[in-house]
Amino acid sequence: MPKAKHIKFPTINLDLLKPQSSPEKLLTRFIRWLLSIGRYILIFVEALVLIVFISRFKLDADLAAKKEAIEQQLPYIESLKPVETLIRQTQLKLTTISSFRLSYTDYPQVLKRIADSTPIGVKIISLNLVKNGTKVTVSLNAQAENNTALASFISGLRQDRTFQNVTVTSVGLEKGSLNFSVNAEASPNS
């Protein structure tokens, strides 16, 4: 009988424990890491680059559509230019009128208040109105027939809310009538 042949299998030496005596070099560990984890990172980065590249086409198309929409609206916007100019001119006029009204002193109102406070026996000779900020300084020279007319005039000015700091600066007797000067501050807006 022939002898049975023994088939020889190649032997594999497996070392399941890493050798403790000789640690792996840094370069070897890095190459092993690149071959295992690095390929996933590389695949992720390439996928990200492809997504960005493809999305660029969509964004370019959106940008072109927006530019076209803007170009279509340009004639309409340019047709509204005269209307915008008119609106700006109107706004300028309104602000000018508003600033004028805020700084305007109502001199006729001040004169009316003085006339309402003047009794029959008093005759105003000269009147000077000077604007100081929001107030008007009133200086007047007048003649009164008697003391009662003078007192009535002064009390009328002091009782009127328009006038403050009413003072008689001078009083004199001339040809049977009293000549006097009065200074006051008027707030025409009150």
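Can you confirm whether the range 22-29 contains a residue that is part of a helix (DSSP H, G or I) and surrounded by 10 or more Cβ atoms within 10 Å (Cβ to Cβ)?
Filtering the range 22-29 for residues part of a helix (DSSP H, G or I) gives 26-29.
Pick out the ones that are also surrounded by 10 or more Cβ atoms within 10 Å (Cβ to Cβ) and you get 28-29.
Yes, the range 22-29 has at least one match.
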* Asked: Among the listed residues D116, D160, which satisfies the condition of being in contact (Cβ under 8 Å) with a residue 40 or more places away in the chain, surrounded by fewer than 13 Cβ atoms within 10 Å (Cβ to Cβ) and closer than 27 Å to L178 by Cβ?
  -> D116
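Give the residues of the range 99-133 that are of a type in the set (K, R) and either under 12 Å from G156 (Cβ atoms) or under 36 Å from the mean Cα position of the chain (by Cα) (or both), sorted by residue number.
Here is the first cut: in the range 99-133, the ones of a type in the set (K, R) are 101, 112-113, 123, 131.
Result: R101, R113, K131.
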* Structure fact -> When (1) in contact with an Asp or Glu (Cβ under 6 Å, 6 or more places away or on another chain); (2) closer than 18 Å to F180 by Cα are applied to T148, the one that fails is (1)
* To do: Identify all residues within the range 134-180 that are touching a Gly at 6+ places or on another chain (Cβ under 9 Å), closer than 23 Å to Q109 by Cα and among the hydroxyl-bearing types (S, T, Y); write none if there are none.
  => S152
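Of the residues that make up the range 93-103, is at least one more than 16 Å from S181 (Cβ to Cβ) and in contact with a helix residue (DSSP H, G or I) (Cβ under 9 Å, 6 or more places away or on another chain)?
Initially, the range 93-103 is screened for residues more than 16 Å from S181 (Cβ to Cβ), giving 93-103.
From what is left, the residues that are in contact with a helix residue (DSSP H, G or I) (Cβ under 9 Å, 6 or more places away or on another chain) are none.
No, there is no match, as no residue in the range 93-103 is more than 16 Å from S181 (Cβ to Cβ) and in contact with a helix residue (DSSP H, G or I) (Cβ under 9 Å, 6 or more places away or on another chain).
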* Enumeration of residues in the range 149-167 that are among the hydroxyl-bearing types (S, T, Y) and not in a helix (DSSP H, G or I) -> T162, T167
* Would you check if K67 is charged (D, E, K, R), assigned by TED's automatic domain parsing to the domain that holds S170 and on the phi < 0 side of the Ramachandran plot? => no
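The values are calculated or read from the model by the stated rules, or taken from the named source; none is laboratory data. For clarity, every value in this text was computed on a predicted model and none was experimentally measured. Reconstructed Cβ throughout: ideal geometry from the backbone, glycine too, with neighbour counts over all protein chains shown.
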